[in-house]
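Read the structure below first, then the notes.
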Amino acid sequence: MPTVGTWRPLWTEVDVKICVFGAGAIGGFLGAKLAQSGAQVSLVARGANLAAIRANGLTLRADGKATVVRLPATDNPAEFGPQDYVIVTLKANQVDAALPHFAPLLGRNTAIVTAVNGIPYWYFYRHGGPWENRSIASVDAGRRQWDLLGPERAIGCVVYPATELTVPGVVEHVYGDRFPIGEPSGEISARCQRLSAVFAESGLKAPVFDRIRDEIWLKLWGNLCLNPLSALTGTTLDVLCGETGTRDVARTMMREAQAIAERLDVRFRVDLERRLDGARKVGAHKTSMLQDLERGRPLEIDALVTAVQELGRLVEVPTPTLDIVLALIQHRAEALRLYERRSADAAAQPEAVAAE
């Protein structure tokens, strides 16, 4: 039977101030773990989840134990003031609406850690080559994230753990502890090393990569096909990757995406079949997109799929299978009122400009 403990962090004089913006499944897990490092951790949440965290604390269920952590939580970030790090754990489709609320958290040297699925807003910052400082319209229409958050603040972060917000204020950890991080420039910076150390003190792994885009694509490689296919078919990872027909569709989409990524100088450290086999071994797990569809929540289509299509057109790589699956999941989600397609005007790509 799970044991229950209550733990309150004791702040030190050399606190690192970290705000987790979006204390849902991943954000709640991160907040509860990071607090154990001695960092001064705060949470931005909303609705019933916020009310539960305030009333009862944040409960993390992991390894047969339930731990209750008491952390400052609010839906008004102005209460917290400037931070050293703001870790964004919102769904990709929630970031744009939340942008006005980030300003009070941003000091001169605040880093924005983008623990968000898919292609991030800063992707072409310090990228080099012909697409330097270009924004991605399907992710950041009108360059709002680029302008309000600033690409120079960004630290990339890839989320590998699986967690679930079972009820408001209660997070269940399913598996995983890795959150690779890295600068867009590839520099092994002091701020990344400091954050990596905080994660390590929390019992988490956040290795600093000099090619964080490679790691972003490695996770996206599976997400861009398995998420929409699972939402369309209602099947779990073991079925999608084990049944010949669906695996063939996923394989074809991944080949199209690999051609795009390699045109953008991305290197894959595992092969395609190994990536699919790894997903199959997770077992009867529902992807996040299928979970959202079943619960009537908006779907993360653009950052995971539309952005890949946009990048394909940018580098002149055709994506016929991805185009079909994208059209199907967009129509499916629109019919359920879980997705709103961007208009051509809203998604228009402004000319690239130099970052300040």
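We did not get these values from a lab; they are worked out from the coordinates using the rules stated. Source: prediction; values computed, not measured. Note that we place each Cβ from the backbone using ideal geometry, even for glycine, and neighbour counts take in every protein chain shown.
Of the lysine pairs in the chain, how many meet both conditions: Cα atoms under 20 Å apart, and a spacing of 8 or more in sequence or different chains?
10
Roughly how far apart, in whole Å, are the Cα centres of the stretch 241-305 and the stretch 48-82?
32
Using Cβ counts within 10 Å as a stand-in for footprinting exposure, how do 218, 299 rank, fewest first?
On the way: 218 19, 299 25.
Listing 218, 299 from fewest to most nearby Cβ atoms yields 218, 299.
Assuming R0 = 41 Å, can you tell me the calculated FRET efficiency for the pair residue 188 and residue 335, based on Cβ-Cβ distance, to the nearest 0.05? Mind showing how you got there, number by number?
Numbers: r = 47 Å, r/R0 = 1.15.
Step by step, r from the Cβ atoms, then E = 0.30.
Between the stretch 134-154 and the stretch 19-39, what's the alpha-carbon centroid distance in Å?
25
Among 108, 54, 178, rank each residue by its count of other Cβ atoms within 10 Å, from fewest to most, as a rough exposure measure.
Values: 108 5, 54 17, 178 14.
Taking fewest neighbouring Cβ atoms as first place, the list is 108, 178, 54.
Ranking 281, 33 by Cβ neighbours within 10 Å, fewest first, what do you get? It would help to have the intermediate numbers written out before the result.
Details: 281 11, 33 23.
Listed from fewest to most nearby Cβ atoms, that is 281, 33.
Could you give me the ³J(HN,Hα) list for the stretch 249-263, computed from phi with Karplus coefficients 6.51, -1.76, 1.60 and θ = phi - 60°, whole Hz, x at Gly and Pro?
Couplings: 5, 4, 4, 5, 4, 5, 5, 4, 5, 4, 4, 5, 4, 5, 5 Hz.
Just checking my list [x] 27.7, 94; [y] 19.6, 58; [z] 20.9, 71 against Rg and Dmax of the Cα atoms in Å computed from this structure; which label fits?
[y]
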